[in-house]
Structure formats: C-alpha cells, structure tokens
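K.L.:
Input: one structure, supplied below.
The values are calculated or read from the model by the stated rules, or taken from the named source; none is laboratory data. Just so we're clear, the structure is a prediction, and the values are computed from it rather than from any experiment. As a convention, Cβ positions derive from the backbone with ideal geometry for all residues, glycine included, and neighbour counts pool all protein chains shown.
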Amino acid sequence: MNYLKMDLWQVREALKTGKITSVELTKLCFKRIKETSNLNTLISTCEEFALASAKAVDEARASGQKLGALAGIPIVIKDNINLTGTKTTCASKFLANFVSPYTATCAQKLVDAGAVIIGKANMDEFAMGSSNENSAFGVVRNPVNTDYVPGGSSGGSASSVASGQCFGALGTDTGGSIREPASFCGIVGLKPTYGRVSRYGVVAFASSLDQVGNLTRSVRDSAIMLGVIAGKDEHDMTSSSNAIPDYEKAITGSVKGLKIGIAKQFFNDKLNSEVRSSLDKAIQTYVDNGATKVEVDLPSLDTALAVYYILSSAEAASNLARFDGVKYGVQSKKFKDLVDLYFKSRTEGFGKEVKRRIMLGNYVLSSGYYDAFYRKAKRVQKVIRQEFEKAFEKCDIIVCPTTANPAFKIGEKSNDHLAMYLTDIFTVPINIAGLPALSMPCGKNSEGLPIGMQLIAPHWKETTLFNAGDFLEKALKEGK
Amino acid sequence: MPKIDINEAKKLAKLSRLEFNEAELANFVKEFDKTLEYMDTIQKVNTSNIDLHEKTINAKTQLRKDEVKNSFAQKDIIANAPQSEDGAFAVPITVEEGE
Amino acid sequence: MYKTVIGLEVHSELNTETKCFCSCKNHFGGEPNTHCCPVCTGMPGALPMLNQKAVEYAIKMGLAVGCKINKYSVFERKNYFYPDLPKAYQISQLEYPLCVGGGVEIEVEGKKKYIRLNRIHLEEDAGKLIHSNSGTLIDYNRGGVPLIEMVSEPDMSSPEEAVAFLQKLRSILLYLGISEAKMQEGNLRCDVNVSLHKEGEPLGTRSEMKNLNSFRAVTRAIKYEVLRQAEELNAGRKIVQETRRWDDNAGKSYSMRTKEDSQDYRYFPDPDILPIEVEQEYIDKIASTLPKLAGERAKQYVEKMGLTEKDAELLTQDRKIADYFETVVKSFNQPKFICNWILGEVFKKLNSLENDDAEIEINPENMAKLLKLYHSETIGQGTARQLLDELWGTDKNPEIIVKERGLAQVNDTAGLETILKKIMADNPKAVEELKAGNQKMMAFFVGQSMKATNGKANPKLVNEIVQKLIKL
C-alpha cells in the first residue's frame, strides 16, 4: 500500500479506519523527503514538532475525540508563511535566520484542523519568480523530470506534493505562483477569490494581488483544504465575510448545463500545439457530457501582464522597505552611517530579481511617473475586471491553458527576464481581476511533461471550479 | 516613450536604498528600457470612463473595536533584532528625532 | 516693509484605548517595546486593522471646527526610511482626508479673526528614538498611536495669532475629550510655515520649522524666522524652501534639508486598508455626542450664574478650568466669587509656573473649603493667598490648617474696638488727618491694627470701626 501516492481524501479515510497512524504516515513522509532531497523542495523541516502533532492526533483519535478536517495529515507550507518557532526565510538571504514570533491565520487554521505541518517549502525569493530559480537556498527541481523547473514562485510546494512528500501544501499566488507550478508539476493548484483567505502572517509581495491557496494531487483535496483556510479574519481588513459554502459537497458529478466560455485571446497562435490539442480534448469531454461552449471576448487581456508588473512592483517596493536591517534580518557589518546601514544591509540581503522589482516599483511610484504608470495601471485593471464580469454574464467558467508551454529546462530562461515574465501571461489576468482559478493536469506533451488547464470562475464561485475540475479529473482517469 | 538614463537609475537606487556598481547600473538601465517599453503598452487602453474611486470590493467598511488586547512580550519583539539594548532596538549611530 | 504669512500644521495624539492599527495599549511610558505587536513593529506579514474610535475622534474634531466630512476617505502610504518608522512607510492620508475645510475664530488684543483650516486627517505616530552611549535606541511603544493632523491655511500674520490659533485648537481638543493635548509631553505638536512678501506682491517662498515644544517656542521661532528671512531678502538673497529645526536653548533655527534633497514620498493608496465609507447617519450620530463647547458653556455661565461675558469667556477657554470651576461651584454656590478668585489668584499662580500644560493642583473640595473661609471672612486676602501656595500640590485641608495654626482673622468687634481705641489715642495726628478727609490714613490704622493682631485683624471690620470711632 503506497500511502504516499494517495490523495489527501483517501489517506484521510485510511487514518479514520485505523489502517495507518498519523505518526507512521508522518515518518513515511520524512523518509520520502530524505530520498528525494535532490529536489530541494524544503528550506526547513520541523520533524520534532510534526511528530508531536501527529502523536497528539493519534491519541485524540484513539480516545474518540472530535477531529478536524485535516487531522493527522502531513502538510507543507510555503516559507513566506509565518509559523511560530520556525524560520520564515521567504527564500531570501535577508531573512535566513528570521524566526517567526507569530503564526499566520491560514497556518493556524491548518493546525486547528489537526494538520501535521512537516516543513517550510522553498520558493522564489519573496515570491518573485516563475521558476523557483531565484531562491537563496538553491534551485528546486521538477519531480517529473529533474532537469526541468517546477515553476514558481511556489515551486517547492508544488514539487513536494507532486513527489509524494506530503498530501497538500499551502502556497501563495500573486500572478500565477500556485497555478503555474501546479501546471508544470502535473498537480492541482487553486488560487481563491481575492479576500477569501486571510493574508495575515503571510509576508506581503503585492498586497492587492496576493492570495493564499493550495496545491494538491486532486481537485477534491483542494476543496477540503480551502474549506479549512477560508474565512473572514479581523486581522486582515481585505478578507471577506462572504459565506463559506461546503466546498466538498459542491462536487455533484455532473456538468450538464455548464456554460464554458472560450476567449480567443487565450487561444492565439503563440500557443504550443500540444497544449492546444490537450485543451481542445478536455473541452470536448465537457461538451460530450452536457456542457456547452460560449464565445467570450476579453479585449484587454494582453495588457494584463504590463498592469501586473506595474502594480505588483509598486506594492512590493513599499512592502519590502521594512527590510532595513534594524528590527530583524541581515544587518551589514560594514556601514559608516545610518543611510549606509540601509544600503549595505539591503544590497547584501536581496537577490537580483528582488532588487530589479524594487527599482521598477519605485520608478512607477515616483512623482512624475505615478499618473502615467501606477494610476493608469489601476484604471486598466478596472477595465480588465469589467471585461471578465461581462464575459461571465454569458458563461459559468472560462477555460484556457494555464501556461502557453509546459515546463522549461533549468537555466533556459534565467538570463531573459522578460521571457520569464511572459510565462505568466495567462495566469496574471486572474489576479488582476481578483477571480478564483484552478489549474489541473489535462495531459502530457511528447516529452512526458504535464500540461495544465486553467478553470476561471466568477468571484466567490470556487464551487463551480471544484465541480467542473473534479468531473474532468475523473473523466481523464477513466478515459471518457 | 519614457527612457531612463544612468542618473535617473542612480536616483532610483538611492530611493530604494540599494547599491549597484557601474557595470550593474549600466546593465540595469539596458534591461529597464525593455521593461518600460513593455509596460508602456497600457497607454493604448481607453480608460476615460473609469472612476477609480468607486467601490470595488462589495464589503462594508469594517473597523476594529477600540479594546486593548495583550501585546507581545518584549523579548519576542526584539528576538530577531540584529542588535538590541535593554529591550530597545539599537543602531550604533546617533540619529535625530524626526525625519 | 514685509507682510508675514504663517501657516500651522498641528499634530495631536488621540487618547483612544488602543493604537491606530492594532490593539496594543495606547500608553505613555513603560519599558521599551512592551506595548507592541507584529503590526506596530512592522514584522513581515503583519497587516493593519483600523481603530473605529480613532476615525470617530477625527470626525468629531472635524465637526467641532466646521469641516466637511468626506464620506469616502482613503488611507495612503507615505514611504521613507527612518529607524523610528518600522514599516518604512507611515499610514497617512493625502488625496481623500477624513475632513476638509473648517476653521476657528481667534481673538488677539481684542481683535477677532477667523483662521481657516485646510484639512484634518488621521495618521499613525512613529516610535521614539533615545540617545545612548553607543548610538541610538528605538522604542516602538509610541509607534502606531493615532494622530490627527490639522493643517491651517496661511491665514495668520503674527506670532500672537499663531499661538492663539494653537491654543484654540487645544481648547477644543480638551473640550471634546479626545486628546490630552500637552505640548510638553509631545501629544500636541506644531510645525510652522513662515514666508514674507511685500504688499501687493505674490506670496514669498516659505520655510518650515519643526521641533517646537511649547507656545513660547512657537512665538520665539516665528519672530526669529521673520527676522532671518527679512535679513536674507534685504541682502538681495532668495529664500530657500527648506525645513529648519528650532533649537529653543540657542534661540536659533538650523537648516535640516533643502527641497532639492527632498524626499519623494511616493504616496499611493494603502492596499491593505479599503477606502473608508461612512454614511450620513454615522456622522449625525457623532455630531449628537459633541459636548457643549466653550461658547455654549460661557453662555450658560452668563445666563445662569450671572457672570460677565468677558469672565465667562476667560473661564471657558480651557475645558479643564471650566470643569474645575463647575465642580467648586457645586460645593460652594458662589459662582462670581469663585470666578474672580480663579481668574485672579489661581491664574496668577498658573502663569508663574511657566509650564503650558500646568493644571490646578488643589482638589476642588479643598479649594471650595478655602474659598468658604475667605468668603466668610474667617481669613483675609493675605492668608488666602498664602494658603493657595501652601495647598498647591498637596491634599491638605485648609480648615485644619487654619484651626491648627490659629490663622483665623480677628473678627471680634469688641476686641478690635479696644485695640483701635488705643491706636487712635496714640496717634492723634493721624486721627486729625483722617477727620480732615485724608482717606489714605485708613491704611495706617489698618496697618497698625495688623501689627497689634499679628496680621489677623479683619481689614473691613477695622475700616468700619475706625469710621464709627471718629464720628464719636
């Protein structure tokens, strides 16, 4: 019985029925982590803490106590999420020794649901990147083919789930950082509606775009995890008090009457032919089972990436200014005055991509450029959002590829930052509009690399994503 | 089309509190020009009907009640400080009050 | 030759229970970093939670000074690096402040003038920097405390007007009960903008002055700056737009930075704080809780207590004084008498302390007792003054002191008559002068009777008795 290949919901059953204990399961995960250490998925592990949590769950289960939705299940969280007592490095030299003095709300919810947190996942530094090659703790590898990138910035989370080191992982998604790595590694990645999950305790990159989400091996797992982490948090003014549906129950097994929006802007000639045929097949499967296709138009889609880089860099420049070497983090030893202290500490602590984005961010915010760039980008953001809202008047979900191409080789794009940015071209518009989206595997290319399909729903309609996603997942398995 | 020169780049670096050597700065300027050109494409979108200050998220303003909750212990606040003295953060330079 | 133009930016700490963006206690003092949390120390991942009371207090102040309350208001980030600023940005307001417009009336040397306000907005305070032997220490206890910034239009033209404006704002803050408003403790701060121009010419370049910690400093700084700028202009030089730091000990200001070097704050709306939208209902509710401001109280004093308008105005300028006055009147219903005492002796005492934040340091009950003794002529003016000094800052009961030390006036008519008969017998010349109409001689007899009674003779009684005796 290879427990590590099971979905979360399956191992949950196994735990419930006593086939395996949480401690045994946790030990299996740590063994797997050691066996696959070449993937470099985790920056730190918390073996002692994990085994203690696992033991506590086993004891509670044995004494008949009521247990949470994730009781005893080993989970990984991205290393930009604070968890008291663990290092939260954001894969940056700057925070290499930063120990969390508090726990993020989303992590606390996992703990309260009985999850066994086993480690902090590697990532692109401060969540800036699409390949997990920007980490101060080394590159992460794609378990499908270790010459390839796992995607980013939640590369460690994706690789960990895909390689069977854990049963689910938390990641963050600002421009595709959950969905793109999920697509590259052949797993499911969910970015919820902006405001669905609290951001308190999650190190901010772009405050108006960041959202915590999950990476799992199945759609149903994703629904289970979202049910645990969603909810209004008084610590986060941007979190919503919108009602939380029962996400698992949203999976009905039928897509009859589902209206699928197809936007030509997603299916242009730049699209890889294998990706296109994979998507076409998936969409056809839906149609064969009672769904209908609808043409929708998103005319400003191609400006979303530019809007994204302007807004996210601006917010990042401001959010990362607190890293000054005074309260925590790197403090340079060779400074001559206060101003110099800031310069030296930050220059020593930050990687190249982070520095680039901070400079870009300060440029678009500086007087003289603020109106032409930041303000204008905010306006275009509204246009994009309105276009999506209009499209959703005609359909229930929009389907498109997660990325135009599957994973690329490590080192292939690291010298061309614009080419790197372009990998996010299909994921970024969703963050701009604040919509929920799910990426799921829908095939493989001729080299065996996974191809990801993205399902996009209107605000607060993650239920539609889970239902449609689960249906296709089953259909693909059964070869329908 | 906005362009950036070495002097502007130096100003930006100062604003960002980042140090670059001459070579890095020159490279930055080159890359930046490409990025700026790309970002400038947003100008083509017609936004004349957009009111930025309209409600975007349908959430009623929810403010926090003015009730004291326990603060963190002093030791936890300064636990990650590179330098501290008697419970305060320390910088080994004299700094005047007010910026 | 030059006209002076002055504008003020006044910051006041609000006395809410908690800080502006977190639930840490809003507390003055304490060991460093003991009223802190991830939010007010700018830890990675922390997010702001706006304090409802802080918004309410800001709106309250706005209503009290006739501002328009913006129903849609935005918080923005003011980005700059400084060790007392943990997030490297201050959450403040720029384009859509909570309150706009408004103004207050001031009076200087009998002339009334209306000073307009530009805006009032809410923002957070920075931490405190403490000099140490090895450098600088930083305490974030004060970091995150809510502040309102009240910006005036450049309507003032003299240091007296500036101080009057500042005092008026302070008075209102105290009346509303939203701030301790103590300049010396730093919960009321003032930056001054000064420029000079010739009549008929456009406004001159202004300079900004910071670090003014008392009304006196404000006056001195403005006077210095006017002289400095006049000197520069007379010498044909241009005024540099800059920020200057006032050194009260040296009586001078020093340039802090010029605008070329100036900070680009890169303001943008804080994405962690949604725009604040308030309904008219909410504003009306706050308006209904506004306490009677100075003007209304003064009216009540005139109508119900028979005080003069002038006296009522003076009494109500400072809410703490007005409150005190009313409490004393509750114990001893002689409002005119008490009013005169406060405006006279008590104000004299307060002014002698040279502290803008000085308060009356005798509890109202003891003050009432003191005044009862004085009013009933149990003690005379001299003794009353003496006791005011002695009781200041203590809990002592004047009735007990008077009894123990036998300070009561001699009001024994018969006894006094005997004493005076003797004095008059010993001083026939003085008696003649008095009979001839020289009223000045009365002082002589009062003085002599004081001597004979160890200062306890009741001067009024002495007066009466002497008048009676000379008629005999």
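K.L.:
Within the range A:288-312, how many residues turn out to be surrounded by 22 or more Cβ atoms within 10 Å (Cβ to Cβ) and within 9 Å of chain B (Cβ to nearest Cβ)?
P.N.:
Residues in the range A:288-312 being surrounded by 22 or more Cβ atoms within 10 Å (Cβ to Cβ) and within 9 Å of chain B (Cβ to nearest Cβ): 7 in total.
K.L.:
Specify the residue that is surrounded by the fewest Cβ atoms within 10 Å (Cβ to Cβ); the eligible residues are those in the range C:360-386 that are at pLDDT 90 or above, charged (D, E, K, R) and farther than 14 Å from C:Ser331 by Cβ.
P.N.:
Per the stated criteria, the residue is C:Glu361.
K.L.:
Starting from residues that are in contact with an Asp or Glu (Cβ under 6 Å, 6 or more places away or on another chain) and over 30 Å from A:Cys90 (Cα atoms), keep the ones in the range C:53-91 and report whichever is farthest from the other protein chains (Cβ to nearest Cβ).
P.N.:
My answer is C:Tyr72.
K.L.:
Let me ask something else. For residues in the range A:250-286 being over 17 Å from A:Leu476 (Cβ atoms) and aliphatic (A, V, I, L, M), which is surrounded by the most Cβ atoms within 10 Å (Cβ to Cβ)?
P.N.:
A:Ala263
K.L.:
Scan the range A:57-112 for residues that are within 14 Å of chain B (Cβ to nearest Cβ) and more than 17 Å from A:Gly171 (Cα to Cα) and report the count.
P.N.:
12
K.L.:
Right, another one. For the range B:26-46, which residues satisfy the criterion of being more than 12 Å from A:Tyr309 (Cβ to Cβ) and aliphatic (A, V, I, L, M)?
P.N.:
Answer for the range B:26-46, where residues must be more than 12 Å from A:Tyr309 (Cβ to Cβ) and aliphatic (A, V, I, L, M): B:Ala26, B:Val29, B:Val45.
K.L.:
Here is a list: A:Ala457, A:Ala468. Which entry is crowded, with 23+ Cβ neighbours inside 10 Å, among the hydrophobic types (A, V, I, L, M, F, W, C) and farther than 24 Å from A:Leu305 by Cβ?
P.N.:
A:Ala468
K.L.:
I'd like to check which strands (runs of 3 or more DSSP E) are fully inside the range A:396-458 and have at least 3 residues that are without any contact (Cβ under 8 Å) to a residue 24 or more places away in the chain.
P.N.:
none
K.L.:
Can you name every residue in the range C:255-289 that is at pLDDT 90 or above and under 30 Å from C:Ile239 (Cα atoms)?
P.N.:
C:Asp264, C:Tyr265, C:Arg266, C:Tyr267
K.L.:
Here's a follow-up. Just to be sure, is C:Leu50 touching a helix residue (DSSP H, G or I) at 6+ places or on another chain (Cβ under 9 Å) and crowded, with 20+ Cβ neighbours inside 10 Å?
P.N.:
Taking the combined requirement at face value, the residue does not satisfy it.
K.L.:
To continue, here is another question. With the requirement that a residue be within 20 Å of A:Asn319 (Cα to Cα), among the small types (Gly, Ala, Ser) and either more than 7 Å from every other protein chain (Cβ to nearest Cβ) or not in a loop (DSSP other than H, G, I, E, B) (or both), what does the range C:21-52 give you?
P.N.:
So the first thing to find is which residues in the range C:21-52 are within 20 Å of A:Asn319 (Cα to Cα), and the list is C:21-22, C:36-50.
Subsequent filtering for residues that are among the small types (Gly, Ala, Ser) retains C:42, C:45-46.
Across the range C:21-52, the qualifying residue is only C:Ala46.
K.L.:
Here is a follow-up. Hey, C:Asn366 hits all of (1) under 19 Å from C:Gly455 (Cβ atoms); (2) of a type in the set (S, T, N, Q); (3) part of a helix (DSSP H, G or I) but one; which does it fall short on?
P.N.:
With respect to (1) under 19 Å from C:Gly455 (Cβ atoms); (2) of a type in the set (S, T, N, Q); (3) part of a helix (DSSP H, G or I), C:Asn366 is out only on (1).
K.L.:
Looking at A:Lys34, A:Lys87, A:Lys55, which one is at pLDDT 95 or above, surrounded by fewer than 19 Cβ atoms within 10 Å (Cβ to Cβ), in contact with a strand residue (DSSP E or B) (Cβ under 9 Å, 6 or more places away or on another chain) and of a type in the set (Lys, Arg)? Even if it seems obvious, please write down each step before you answer.
P.N.:
Numbers: A:Lys34 fails: in contact with a strand residue (DSSP E or B) (Cβ under 9 Å, 6 or more places away or on another chain); A:Lys55 fails: in contact with a strand residue (DSSP E or B) (Cβ under 9 Å, 6 or more places away or on another chain).
Testing whether each residue is at pLDDT 95 or above, surrounded by fewer than 19 Cβ atoms within 10 Å (Cβ to Cβ), in contact with a strand residue (DSSP E or B) (Cβ under 9 Å, 6 or more places away or on another chain) and of a type in the set (Lys, Arg) leaves just A:Lys87.
K.L.:
How many residues are more than 13 Å from chain B (Cβ to nearest Cβ) and among the basic types (Lys, Arg) if we restrict to the range A:369-426?
P.N.:
Looking only at that region, the number is 4.
Residue-wise test of (1) closer than 30 Å to B:Ala90 by Cβ; (2) among the acidic types (Asp, Glu); (3) under 27 Å from the mean Cα position of the chain (by Cα).
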residue	(1), (2), (3)
A:Gly257	no, no, no
A:Asn272	no, no, yes
A:Ser277	no, no, yes
A:Gly290	no, no, no
A:Ser313	no, no, yes
A:Asp324	yes, yes, no
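K.L.:
Moving to a separate point now. Suppose we filter A:Val140, A:Val144, A:Val161 for residues that are assigned to a helix (DSSP H, G or I) and either β-branched (Val, Ile, Thr) or more than 26 Å from C:Ala46 (Cβ to Cβ) (or both); which single one remains?
P.N.:
Numbers: A:Val140 fails: assigned to a helix (DSSP H, G or I); A:Val144 fails: assigned to a helix (DSSP H, G or I).
After applying the criteria, what remains is A:Val161.
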